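Chemist: Below is the structure I would like to discuss, written out as structure tokens.
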Amino acid sequence: MRRARFLGGLSAAWLVLALLCVPARADQDSALRLQRAGEILPLEVVLDRARAHQPGKLLGVELELEHGRYVYELILRDPAGRVWELDLDAATGEILSHERED
């Protein structure tokens, strides 16, 4: 499994801004290329879909290649302080899994 690690603990807008303004690592460059090529959705779109399903503050994001498809793994903390992991298909935004973290 290949992982492209993003910055965690930032809001989606700050995360996108950070990805565009700081010297990008190879993984971030790859994610941006995939987005520009239309192979994956922008993080903001995926985060909006995830929050519609599970409201919360973004704690971390990873983009992974799993079984030939890209998956966004989002970690969110809900208003009650519970932490959730959501996996979404990076190309379609479909929610693949939604689990509460211990």
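The values are calculated or read from the model by the stated rules, or taken from the named source; none is laboratory data. These numbers were taken from a predicted model, which means no experiment stands behind them. Glycine also receives a Cβ, built like all others from the backbone with ideal geometry; neighbour counts cover every protein chain displayed.
Chemist: Give me the pairs: first residue in the range 69-97 and under 21 Å from Arg36 (Cβ atoms) and aromatic (Phe, Trp, Tyr), second residue modelled with pLDDT of 95 or more and part of a strand (DSSP E or B), beta-carbon distance under 6 Å, and six or more apart or on different chains, which are they?
Modeler: Tyr72/Leu88
Chemist: Next question. Filter the range 78-97 down to the residues that are in a strand (DSSP E or B) and not hydrophobic (A, V, I, L, M, F, W, C), then identify the one that is farthest from the chain's Cα centre (by Cα).
Modeler: Only one residue tops the list, namely Ser97.
Chemist: Right, another one. Conditions: (1) loosely packed, with under 12 Cβ neighbours inside 10 Å; (2) among the hydroxyl-bearing types (Ser, Thr, Tyr); (3) at pLDDT below 95. Ser30 meets all but one. Number of the miss?
Modeler: Answer for Ser30: the failing condition is (1).
Chemist: May I ask you to say which residue of Leu47, Leu65, Leu41, Leu58 is buried (at least 16 other Cβ atoms within 10 Å of the Cβ), in contact with a Lys or Arg (Cβ under 9 Å, 6 or more places away or on another chain), at pLDDT 85 or above and within 17 Å of Ser97 (Cα to Cα)? Please lay out each step first, then the result.
Modeler: Details: Leu47 fails: in contact with a Lys or Arg (Cβ under 9 Å, 6 or more places away or on another chain); Leu65 fails: buried (at least 16 other Cβ atoms within 10 Å of the Cβ); Leu41 fails: within 17 Å of Ser97 (Cα to Cα).
Going through Leu47, Leu65, Leu41, Leu58 in turn, just one is buried (at least 16 other Cβ atoms within 10 Å of the Cβ), in contact with a Lys or Arg (Cβ under 9 Å, 6 or more places away or on another chain), at pLDDT 85 or above and within 17 Å of Ser97 (Cα to Cα): Leu58.
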